[in-house]
Amino acid sequence: MIEIKNVSKWFGDFQVLKDINETIQKGQTMVICGPSGSGKSTLLRCINGLEPYQKGEIIVDGESLSDPKTNLYKLRQKIGMVFQRFELYPHMTVLKNITLAPMKVLKKSKKEAEKKAMELLERVGIPDKAHEYPANLSGGQQQRVAIARSLAMEPEYMLFDEPTSALDPEMINEVLDVMVDLAKEGMTMIVVTHEMGFAREVADEIIFMDEGRIIERGSDEEFFTNPKNERTKLFLSQILV
Amino acid sequence: MAYNFDWSVLWRQPYGMWLLQGLWVTIKIGFLAWIIALSLGIVIGTLRVTPWKFLRLFSSAYTELFRNIPFLVQLFFWYYAGPMLLGDRLGHYVNQIMGLNYYVAIFALGIYTASRVAEHMRAGFASIGKEQYQAVLSTGMTQFQMYRYVIIPYALRIILPPLTTEFLTIFKNSSIAMTIGVAELTFMSYRIDAETFHGLEATTGAMFIYLLLGLTVVRIMGFIESKFKIPGMIGR
Ligand SMILES: Nc1ncnc2c1ncn2[C@@H]1O[C@H](COP(=O)(O)OP(=O)(O)OP(=O)(O)O)[C@@H](O)[C@H]1O
Ligand SMILES: [Mg+2]
C-alpha cells in the first residue's frame, strides 16, 4: 500500500505539489491525468524517492520515504518505473538491459537472470529482439523492453510516466496491451497517461491534477461523463475527441 | 658555407639505435602515463558529479589546479620539489632511485592529463539525460552501481573522440620530459646533433617518427571507436 499524506513540494519558491492526499491499495491501478506542468511526473518521482518532498509523508508498505532510516535503494527494488522516452541503456543489448539490475542488485546468476529476461521478453511479445541494441527497435518495442526491464526486478508496484506519449499512434496499443495485462494480473500500478480508453478499461481510480493539486477524483464512468470540476470538464473535452 | 646533408645519421650506428631507444622510452612514458590519466581521470571526473559535496570540491580543486598550470612547470615542480614533499628520509631515499626522472615524467604527465580526462568525463555525464540516471536508480541500483555499470561505460563511449586527442597529446607532451633529462625521442635527436652536428636530419627524423607514432595511435583508437560505437548514435 502506498499512502501519500499532505505532501507538498517546492522547487525554490515554486510550489509544484500542494497538499496531495492519496492512497493506493495493493492490486489497484490508479491513473493520473492533467495538463502539462501540473506536477504529475514530480509526484511519481516523489513516490520512489527520486525527488525529495518538503512537507507531509509518503509511506510505502509502512516505510516512510522521508525517514532517514529508510533505505531508498532497497525500497526502489520493489517499485519499477517506466519513462516517456524509454531510457534504455543504448550501449547494451536488450538482454543486458534487462539482466543488469537482477544480476547486480539481486545477485542473480547470469543464467538465472537471462532465463527470466527471456520469459519477460516472451511476455511482452519480442523474444526475437533479445540480442538487438535499443536503437534497432521501434519505439513501441523499446517501451516494451523498458517494461520488461522493470519487471525483471519483480517489483510490487509499477509507475508509468506517460509511457505512450512519445510513440507513433500505431504503436500505442502494443504497449497499452502489455499494461492492461499487467493490471489484470493484479500488479499495483500508478499510470500518468491521457489514454482514456486505457483508464476506462483498467483504472480503479482516476485523479485529475491541476497546478499541483488533485482537483477531481473518480472511480467510474461518472468521471468521464459528468465531472464536477470545470477544469476537468474542459480538459476531458479536449482529449476525448 | 653550404650545409652538407648527411641523412645516414638516422640509421648509422650508434645513432640509429639511439633514435629507436628514444622511441621506446617515448612509447613507455606515453602508455604508462595514459593508464594513470585514464583511471585517475575517470575517478576524478565521476567524483565531480556525485551527490557528496566534499568529494565534488576535492575533484574540482584537482581539475582546476592541474589544468591551469603549464605542464613544464608541473614537471619541474615534481622533479625538483617532489621528493622534498615526502620528508627528509623518504625524500632522500627517493632521490637515489635510478632513473627517477623517468618515473617523475610518467607520474607528472599522468596526473596532469587526468585533469583533462576528468573534464571530458564531466562533459560526457552532462550529455546523458537526467531521466537516464533516474531510470537506472529506479531499478534499485546504488549510486556506485549506477556509475560503475551504466553511466561511466556510456559516457566513455560518448567521449571517445576527445579521448583519442588526449592520447595523442600525451605522446607529444612526453617530449617535454627531455627537460629533466629523460632520454626519450626528442632528447635523443638532440644528442645526435651534439655529437654529429647534424641536428637538422636528426630532428626531421624524430618528426617523422612522432608522425608515424601518432598515426598508429589514431588507427588503434579508430579500431576501439568502431568496436565500442553505440548503435544508432550518429557516426563521426
Ligand atoms: N528540477 C526542477 N526544477 C525546477 N522546476 C521544475 C523541476 N522539475 C519540474 N519543474 C516544474 O515543476 C512543474 C511540474 O513539472 P512536472 O514535470 O511534474 O509536470 P507534469 O505534470 O509531469 O507535466 P508534463 O505533462 O508536461 O509532463 C513544471 O512547472 C516544471 O517546470
Ligand atoms: Mg511529466
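Readers should treat all values here as calculations from the given coordinates under stated rules, not as data from a laboratory. Nothing here was measured: the structure is a model prediction, and the numbers come from that model. For neighbour counting, all protein chains shown are included, and Cβ atoms are generated from backbone atoms with ideal geometry for every residue, glycine included.
Details
- Size of region B:122-174: Rg and Dmax of its alpha carbons, in Å, are 14.0, 45.
- Among the listed pairs A:Lys115/B:Lys229; A:Lys110/B:Lys130; A:Lys96/B:Lys227; A:Lys116/B:Lys227; A:Lys78/B:Lys227; A:Lys40/A:Lys115, those beyond 26 Å (Cα-Cα): A:Lys115/B:Lys229; A:Lys110/B:Lys130; A:Lys116/B:Lys227; A:Lys78/B:Lys227; A:Lys40/A:Lys115
- For residues of A:219-226, the mean tally of beta carbons on other chains within 10 Å: 0
- Dipole magnitude (debye, nearest 20) for chain B, charges at Cβ of Lys, Arg, Asp, Glu: 920
- Its convex hull of Cα atoms gives chain A a direction-averaged projected area, equal to a quarter of the hull surface, of 13.3 nm².
- Amide proton proximity set for B:Thr139, modelled H, under 5 Å, gap of 5+: none
- Per-residue mean of C-beta atoms belonging to partner chains within 10 Å, peptide B:149-157: 3
- Directionally averaged shadow of the protein assembly as shown, computed from the convex hull of its alpha-carbon atoms, nm²: 31.3
- Computed [θ] at 222 nm, helices only, for chain B once each DSSP H run of length n ≥ 4 contributes -39500 (n - 2.57): -23000 deg cm²/dmol
- At 1.306 mPa s and 10 °C, Stokes diffusion of region A:102-241 via Kirkwood alpha-carbon radius, µm² per second: 95
- The alpha-carbon atoms of region B:104-194 define a convex hull whose volume equals 91 cubic angstrom per residue.
- Region A:87-103 and region A:104-147: distance between their alpha carbon centers, rounded to Å: 8
- The alpha-carbon of A:Lys228 sits under 18 angstrom from the alpha-carbons of these aspartates and glutamates, leaving out residues fewer than 8 places away in its chain: A:Glu205, A:Asp210, A:Glu211, A:Glu216, A:Asp220.
- Taking N as its residue count, the alpha carbon Rg of region A:16-118 over 2.2 N^0.38 Å: 1.27
- Rg ratio for region B:20-157: its Cα radius of gyration over 2.2 N^0.38 Å, N being its residue count, equals 1.26.
- By the count of neighbouring beta-carbon atoms within 10 Å, fewest first, A:Lys228, B:Lys28, A:Lys104 end up ordered A:Lys228, B:Lys28, A:Lys104.
- Alpha-carbon geometry of chain B: the Rg and the Dmax are 21.4, 78 Å, given in that order.
- Region B:150-226 - Kirkwood radius from inverse mean 1/r over Cα pairs (Å): 14.2
- For region A:149-223, the C-alpha radius of gyration sits at 1.14 times the compact-globule guess of 2.2 N^0.38 Å, with N the residue count.
- Least to most buried among B:Tyr103, B:Tyr147 (fewest other Cβ within 10 Å first): B:Tyr103, B:Tyr147
- Global size of region B:53-134: 16.8, 54 Å for Rg and Dmax (C-alpha atoms, Rg to one decimal, Dmax whole).
- Across all directions, the shadow cast by the convex hull of region A:73-118 built on its C-alpha atoms averages 3.7 square nanometres.
- Sorting B:Trp18, B:Trp52 by the number of Cβ atoms found within 10 Å of their own Cβ, with the fewest placed first, yields B:Trp52, B:Trp18.
- For chain A, the 222 nm mean residue ellipticity estimated from helices alone, with every DSSP H stretch of n ≥ 4 adding -39500 (n - 2.57) and the total spread over all residues, rounds to -11000 deg cm²/dmol.
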